[in-house]
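Each remark here refers to the structure printed beneath this line.
The values are calculated or read from the model by the stated rules, or taken from the named source; none is laboratory data. All figures in this text were calculated on a predicted structure; none of them were measured in a lab. No Cβ is skipped: glycine too gets one built from the backbone with ideal geometry, and neighbour counts run over all protein chains shown.
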Amino acid sequence: MSQDTVPLRRDTFKNLHRQHNLWRWAFSSLLAVLFMVFVCFFWFKWVKLGNDSMAPTFHKGDLVLVDRLYKYYAHIERTDMVAFYRPGTNQLLIKRVVATAGETVGGQSGAIWIDEKYRLEEEEYGAVHLTDFDTLTVPDGCVFVLSDDRQYLEDSREEGIGCVFLDDIVGVVHIRLLPSFTMYR
């Protein structure tokens, strides 16, 4: 046999190697795209805030990232900001956890008291305008949430919302992606 009719063994391996690299690159790219789709559309939820109830932490128009899997790998604790749907509506609310299951919470004289002995440091969140509310014990499997700007009553103080069940929490807010570009006074 002449050398012209039979491909050299080295050339055959080069072609196989090129094909293998092409498949490896395509597979890696597909995995990267699937991972990004999972992260962007299943793990996290992008939420644009519709009011200033979480001011000064977040403002109307801010874009925040809600971690939907957090409640499955970590415990929701006091000071976490959680997202949940207002009962009976499609409105997503973001509020701060003030008390967890088994704790007694109440608002007296402009301060929040946990178990009638621990005073929540409101200055840490810049919270203002707290109106007094009756003492209650948070049931098992629930959390008590408040707006950072306490004048907004779309939180656990409102009878229609009350304590939020852990199963009803969509996720936990960890980061603000884009601030709104309006001036705040």
| query | Of the residues Leu120, Leu130, which single one is modelled with pLDDT of 75 or more, of a type in the set (A, V, I, L, M) and over 16 Å from Gly102 (Cα atoms)? | reply | Leu120
| What number of residues in region 105-117 are surrounded by fewer than 13 Cβ atoms within 10 Å (Cβ to Cβ) and modelled with pLDDT of 80 or more? | 2
| query | So which of Trp25, Trp46 ends up being farther than 27 Å from Arg150 by Cβ, at pLDDT below 90 and not acidic (Asp, Glu)? | reply | Trp25
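In the list Val138, Val143, Val97, which residue meets the criterion of being touching a helix residue (DSSP H, G or I) at 6+ places or on another chain (Cβ under 9 Å) and at pLDDT 90 or above?
Values: Val138 fails: touching a helix residue (DSSP H, G or I) at 6+ places or on another chain (Cβ under 9 Å); Val97 fails: touching a helix residue (DSSP H, G or I) at 6+ places or on another chain (Cβ under 9 Å).
Among Val138, Val143, Val97, only Val143 is touching a helix residue (DSSP H, G or I) at 6+ places or on another chain (Cβ under 9 Å) and at pLDDT 90 or above.
Is region 61-70 home to any residue that is in a loop (DSSP other than H, G, I, E, B) and either touching a Ser or Thr at 6+ places or on another chain (Cβ under 7 Å) or not assigned by TED's automatic domain parsing to the domain that holds Phe165 (or both)?
So far as region 61-70 goes, yes, one or more of its residues are in a loop (DSSP other than H, G, I, E, B) and either touching a Ser or Thr at 6+ places or on another chain (Cβ under 7 Å) or not assigned by TED's automatic domain parsing to the domain that holds Phe165 (or both).
Yes or no, residue by residue, for (1) closer than 26 Å to Ala101 by Cα; (2) of a type outside the set (Asp, Glu):
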{"residue": "Lys48", "(1), (2)": "no, yes"}
{"residue": "Lys71", "(1), (2)": "yes, yes"}
{"residue": "Ile76", "(1), (2)": "yes, yes"}
{"residue": "Asp80", "(1), (2)": "yes, no"}
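Select from region 80-92 the residues that are assigned to a strand (DSSP E or B) and more than 11 Å from the chain's Cα centre (by Cα) and write down the one among them that is farthest from Gly160 (Cα to Cα). Let's see the steps before the verdict.
Filtering region 80-92 down to residues assigned to a strand (DSSP E or B) leaves 81-85, 92.
With more than 11 Å from the chain's Cα centre (by Cα) added as a condition, the list becomes 85, 92.
On the way: Tyr85: 12, Leu92: 14 Å.
Within region 80-92, the match that is farthest from Gly160 (Cα to Cα) is Leu92.
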| said: Which residue is farthest from Val145 (Cα to Cα), if the candidates are limited to region 98-115 and must be assigned to a strand (DSSP E or B) and not small (Gly, Ala, Ser)? | reply: Gln108
| message | Here is a list: Val39, Val33, Val6. Which entry is modelled with pLDDT of 85 or more and more than 30 Å from Tyr152 (Cβ to Cβ)? | response | Val33
